[in-house]
1. Based on the Cβ-Cβ distance from residue 352 to residue 403, what FRET efficiency comes out when R0 is 22 Å, to the nearest 0.05?
2. For residue 61 and residue 468 in one chain, what is 0.36 nm times their gap in residues minus the Cα-Cα distance, to one decimal in nm?
3. How far is it, in nm, from the label point at residue 423 to the one at residue 264 when both lie 7 Å from their Cα along the line to the Cβ?
4. Normalise the Debye intensity by I(0) for segment 95-183, one equal point scatterer per Cα, no solvent, then take log10 at q = 0.11 Å⁻¹ and round to two decimals.
5. Taking the Cα atoms of segment 66-140 alone, what are Rg (to one decimal) and Dmax (as a whole number) in Å?
6. Taking every DSSP beta bridge that has both residues in the chain, what percent is antiparallel when rounded to the nearest 5?
7. Hey, if you drop one equal point scatterer on each alpha-carbon of segment 281-429 and run the Debye formula without solvent, what base-10 log of I(q)/I(0) do you get at q = 0.11 Å⁻¹?
8. Separation between the residue 362 and residue 166 pseudo-spin-labels, each 7 Å from Cα along Cα→Cβ, expressed in nm?
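No lab work stands behind these numbers, since they all come straight from the coordinates. Every value quoted in this text rests on a predicted model; they were computed, and no experiment measured them. For neighbour counting, all protein chains shown are included, and Cβ atoms are generated from backbone atoms with ideal geometry for every residue, glycine included.
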């Protein structure tokens, strides 16, 4: 068997037909290599390894045996050995596209992506119709955010042969990033036809459909995805879709999902507060208010932005205060009404106690607050409904002996109010640990600082979910696909400066959004909800 025959035998897995000579070293090497290929395809890697090494005893320059040994090493997790063996095979046979393709897979596993791309390019030059190499090149370019480079490789690969559903989905991602939405949508649909459980593909298709103005179809795609698996990204898309609907389009199932979205923080709660307010705007009596789970979720999450509902809630607060002032066990308040009373108190904390208050009502609130303070000092029992009524008119952490509230046992609904005591204490500790860059000396800055320390409006409870983190390089290329972005970020990562944190929400979401980035947030105000000090991101204030 000559060199050409051996190469053909290797590509056909050893099925080369009758040997040209019944004996001799070359013939024996050919038979051994054919056996090695058979063992390899059957998953018998040890036997395949031994057979390849036997081949090399007869022909130490047997490129196919070296190549197969490299594949065995790769599958066994010995990447460095695989790199050496396949590299030796390439040195012996520089026209073998399969060697170029397989060494690229090893380099990808080692994180040497630029070198992998070079070998894949060589594979496509050696064999123009090498669909697998084109597909792998498309994936590499997509990974780096080079969408314009990825598209022709996907197009070439998918025109030649069928591919996994993920390949069509990735092709759609590249097309969508270039603004070719119709073709991207077609690729997403093709992927879903092959594999209906590709959750990210539902999301990507839904985003296109939503951008094209069909909120109902986008919502239908999102609900199909949610029924299979609830990812952060699909939840966020649900919020985007439902915001485009009129209140009359919200059925009971959607209302339940909307309630969960608010309660569980599927996005910034402020994004859903207007719609939720509209849906709850027709409620009037106390029992109806207390039994509406969407309303309770809204009260705990974001400021109410519906004028009529605000008036109803203002009246409900007055009624609850009046009942708390009555002697006895607060009219045997049931669990649902207590839950609502505590949620209303949380709403008042969020909206900085903006509800209108009559003089007589304010006097009653002060009287109940004094009673609560006396109970804290003496250690007397405190009814949860009284705590809720006081919390609806002022900040609990400003009470004398407020820290003793942390030492008492409360029902779950009231426990949520105790956060108003616990968090200010934690923020006070964080404030002392945060580094300061300069002193604040001018009067205007001092006034701004005092204003936001006292009332950091809009106050928020939950940061929005940002989904799977991405590199800044990928993010910039996806936002500006036509921009000449040539330099990749250094391997050590990038430093991101946020000059002015607002209430801290943006700083936290930025830190969660990007991988390999160190976020430095600077602000006048030290008592913001900021990033976990254990994370590689940090917050700094001017003082």
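1. 0.45
2. Contour length minus the Cα-Cα distance gives 141.8 nm.
3. Result for the modelled spin labels: 2.1 nm.
4. -0.27
5. So, for segment 66-140, Rg and Dmax equal 11.2, 30 Å respectively.
6. Restricted to the chain, the bridges split so that about 0 percent are antiparallel.
7. Values returned for q = 0.11 Å⁻¹ are -0.38.
8. Inter-label distance under the simple model: 6.4 nm.
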